[in-house]
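Here is the structure we will look at, set down as C-alpha cells.
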C-alpha cells in the first residue's frame with residue numbers, strides 16, 4: 001500500500017527526465033522531481049490519515065476510533081447484545097435477543113461517523129451503536145467503520161460484559 005506511490009513517483013520522475021530532448025537545466029530537473037512528488041506526497045498523506053483515523057481499538061475501559069474515545073459505560077449494552085445476536089446466530093439461540101423498543105429498531109439513521117475516516121467507509125462495513133449522551137440524557141446514534149464487523153461486535157460484547 002505504501003510502496004506503490006513511491007514506486008510511481010520514481011517512475012514518473014525517471015520518465016520525465018529520460019524523455020527530455022534538450023539538455024536539462026536545474027529548473028527542469030527540479031520540476032521533474034518535485035512535480036510528481038507533490039501529487040504522490042498527497043497520496044501518501046491520505047493513506048496515513050486513513051490508517052490513523054480508521055484504527056478501531058476496544059480496551060477494558062473504552063472504545064477508541066481514530067481520535068474519538070467513548071467510555072464503555074456509555075455504550076448501550078442491550079444494543080450491543082442485539083448486534084451480537086446478529087453476528088453470531090448460535091449466541092442468539094443460547095442467550096436470546098434483548099428487548100429493545102420497536103421505534104429504536106425501526107430508526108434507520110446512522111448517526112455521526114466516529115474517527116472521521118470518511119474516505120475509508122467505501123470498503124468497510126458500518127457498525128451502528130447507541131451511546132448515552134450526558135448533555136441531553138438520551139441516546140445518540142454513532143457509526144464505526146469496521147473491516148471485520150463481527151469481530152468488532154464480539155469484542156464489544158466481551159468488553160461490555162466484563163464491565164458488568
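No lab work stands behind these numbers, since they all come straight from the coordinates. Everything quoted here is computed from the prediction, not taken from an experiment. Cβ sites come from the backbone with ideal geometry, for glycine too, and all protein chains shown count toward neighbours.
Here the helices (runs of 4 or more DSSP H) wholly within the range 1-88 that include at least 1 residues being farther than 30 Å from residue 128 by Cα are 3-18, 26-53.
Selection of the range 95-104 for residues being under 17 Å from residue 160 (Cβ atoms) and in a helix (DSSP H, G or I) yields only 95. The numbered conditions (1) surrounded by 12 or more Cβ atoms within 10 Å (Cβ to Cβ); (2) out of contact with any helix residue (DSSP H, G or I) (no Cβ under 8 Å at 6 or more places or on another chain) are all true for residue 19 except (1).
For the range 125-148, enumerate the residues that are assigned to a loop (DSSP other than H, G, I, E, B) and either surrounded by 15 or more Cβ atoms within 10 Å (Cβ to Cβ) or out of contact with any strand residue (DSSP E or B) (no Cβ under 6 Å at 6 or more places or on another chain) (or both). Across the range 125-148, the qualifying residues are 134, 135, 136, 137, 138, 147, 148.
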